[in-house]
2 protein chains.
Amino acid sequence: MVLVLYAHPYADRSRANRALVRALDGLPGVEVRALYERYPDFSIDVAAEQAALARPRTIVVQHPLYWYAPPALLAMWCEKVLLHGWAFGEGGRALAGKRCLWAVTTGSPAEAYSAGGVHGATLEDLALPLRRTMALCGVEWLAPFVLHGARTQPRVELELAAARYRERLAALAARDARGGEAAP
Amino acid sequence: MVLVLYAHPYADRSRANRALVRALDGLPGVEVRALYERYPDFSIDVAAEQAALARPRTIVVQHPLYWYAPPALLAMWCEKVLLHGWAFGEGGRALAGKRCLWAVTTGSPAEAYSAGGVHGATLEDLALPLRRTMALCGVEWLAPFVLHGARTQPRVELELAAARYRERLAALAARDARGGEAAP
């Protein structure tokens, strides 16, 4: 099973993320958890979040890039949910052996995210905090799904990206189904 | 003038950050703005924050490293305060020409923050999102102030670090005073 942790502070105004999430409609073995919808006041239900993470073998972290990082609620989610003794440290093996797919949209074209580009950093560089977070929790890091230029992509390009996203998650869900659910 | 944006979600339980903040007591030209104290409910007063940024030439961003990144409220502060047309983009020059000092504490010893260390990344790598944020706003990035092993440093080491911090900020405040306040 694939769990999508979806974090968009302005989901109503989203073009790209909305298209990506919609593409997952009815996909077997894929569940979307909209964090901003669930916690508009930032009061995260830690027990509920930890319970939601028990079954999936694959965790997708989907969000727009905000100031080169995940949006605030996702930062808070990590702080509150990924607790010592649960996600890491002694006795902290709740996520070990799972996989993480980072699904990120950006506001600029691909070439802006390079050493010589306007943002002076690659997506791989900027992934580091989340990637190391997952590593400390024993979670395997998959090749990210990246959609650049979220606000300016023509509709047809968005639809193509959304189809690719659906395909990628379908493949992950199928692999998870073959491999059985996550070990307890 | 030096403005310290201080973001600690559990300031009461802090050892290292508390020692650093205390060391600034009575330091002329240095003002501490405790974000978690000001916005416990995450309702950031954008106009007040933008107004607070007008005078200082130097902005210190002080926080403990949480999951290899700034705490959630600081992420939200960037999202809400650093607006297009104000901090960046066309007409967005409010912070241009200022300087930023990243003052960060970590939970592990220095050697853990290296390519071969348990965290598999250097502090310089992990600074990238904040550093690029400042760069996009035209803010100069100063050599960071780093205090490793915040929870395990002996009291005397903390006091030495706090004294170095006070000295560093005093020098920045003196430079700012010589250079005049920030241009409007």
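Structure notes:
- Flag if B:R175 is among the basic types (K, R), part of a helix (DSSP H, G or I) and either more than 13 Å from chain A (Cβ to nearest Cβ) or crowded, with 19+ Cβ neighbours inside 10 Å (or both): yes
- Hits in region B:27-64 - residues which are under 19 Å from B:E79 (Cβ atoms), in contact with a helix residue (DSSP H, G or I) (Cβ under 7 Å, 6 or more places away or on another chain), among the hydrophobic types (A, V, I, L, M, F, W, C) and assigned to a loop (DSSP other than H, G, I, E, B): B:F42, B:I44
- Among residues of region A:15-35 being farther than 23 Å from A:A48 by Cβ and under 16 Å from the mean Cα position of the chain (by Cα), the one that is surrounded by the fewest Cβ atoms within 10 Å (Cβ to Cβ) is A:R22.
- Hey, B:F88 of a type in the set (A, V, I, L, M, F, W, C) and touching a Gly at 6+ places or on another chain (Cβ under 9 Å) or not: yes
- Among the residues of region B:54-75, those that are more than 14 Å from every other protein chain (Cβ to nearest Cβ), buried (at least 20 other Cβ atoms within 10 Å of the Cβ) and aliphatic (A, V, I, L, M) comprise B:I59, B:V60.
- Hey, B:V81 of a type outside the set (F, W, Y) and either within 14 Å of chain A (Cβ to nearest Cβ) or under 22 Å from B:G29 (Cα atoms) (or both) or not: yes
- Whichever residue in region A:96-113 is without any contact (Cβ under 8 Å) to a residue 40 or more places away in the chain and under 22 Å from the mean Cα position of the chain (by Cα) and, among such residues, is surrounded by the most Cβ atoms within 10 Å (Cβ to Cβ): A:Y113
- Scan of region A:3-32 for residues that are of a type outside the set (V, I, T), within 16 Å of A:D176 (Cβ to Cβ) and in contact with a strand residue (DSSP E or B) (Cβ under 8 Å, 6 or more places away or on another chain), ordered by number: A:L3, A:L5, A:L24, A:G29, A:E31
- Selection count where residues are surrounded by fewer than 18 Cβ atoms within 10 Å (Cβ to Cβ) and either touching a residue at least 24 places away in the same chain (Cβ under 8 Å) or among the basic types (K, R) (or both), scope region B:2-13: 2
Every number here is computed from the coordinates shown, using simple stated rules; none is lab data. Computed from a predicted model, the values in this text were never measured in an experiment. Neighbour counts run over all protein chains shown; Cβ positions are idealised from the backbone, glycine included.
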